[in-house]
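Here the structure comes first, spelled out in structure tokens, and everything after it is commentary.
The values are calculated or read from the model by the stated rules, or taken from the named source; none is laboratory data. All values derive from a computational prediction rather than experimental measurement. Ideal geometry is used to build each Cβ from the backbone, glycine not excepted, and the neighbour counts take in all protein chains shown. Heavy atoms of the whole protein, side chains included, go into the accessibility calculation; ligands, DNA and RNA do not. Shrake-Rupley method; radii C 1.70, N 1.55, O 1.52, S 1.80 Å.
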Amino acid sequence: MTEKPSIWAGVRLEPAHIWHILLAVWILVMFGHSMTPADLSSKESGSVLAFLCSMLEGAGIGSSWLTEHLVRKTAHFCEYGVFGLLLMKNFYLLQGRRGRGYRQSLTARFCPLVLAVLAVPFLDETIQSFSPGRSPQIGDVWLDMAGACCGLLAAAVLKRLWGSYGHSRRRRRRFR
């Protein structure tokens, strides 16, 4: 009996595709957090707060300054920092595919990044208006955009450091 060919037969997943999928999944995770009802979201933040307080107390550091509000806002910022890192990685992959001879204006090159950094936080906060007990906060949009910008900046710095490290290693190998 012959086996039926799989729909995945012949599909080759390149590393760039994996980064695109990671970015899409991360955006869905962020949107999923926004769909969480207020009582469950508060319970989740409360458990993170309790964990962090116990860690700080265990290290001999007072934790009275740590609040659920601070935990929630830090989570927003970090969530979007990861988004910025993944977004920049995808940006570099897409720019590299265009080839060295391809010329494009600075505005046209960075427009997708700016659009993503603006649109995703607004969509994220808009989703919250449909979740029970949650409401969109313009301050969270600004915080999300700041986190995304920090992630973009961190990715650019890491690329620059990694690129110069790789360049110096190649140069050293050539002179051996």
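The figures follow:
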{"item": "Whole-percent carbon and sulfur share, accessible surface of the stretch 16-107, 1.4 Å", "result": "69 percent"}
{"item": "Whether the stretch 13-82 is rounded, prolate or oblate, judged on the alpha carbon gyration tensor where a/c under 1.5 counts as rounded", "result": "prolate"}
{"item": "Accessible area, probe 1.4 Å, largest first, for residues Phe122, Phe130, Phe83", "result": "Phe130, Phe122, Phe83"}
{"item": "Relative packing of 16-26, 58-68, which averages over residues the other C-beta atoms within 10 Å, highest first", "result": "16-26, 58-68"}
{"item": "Coordinate range along principal axes, alpha carbons of the stretch 37-131, Å, largest first", "result": "57, 36, 17"}
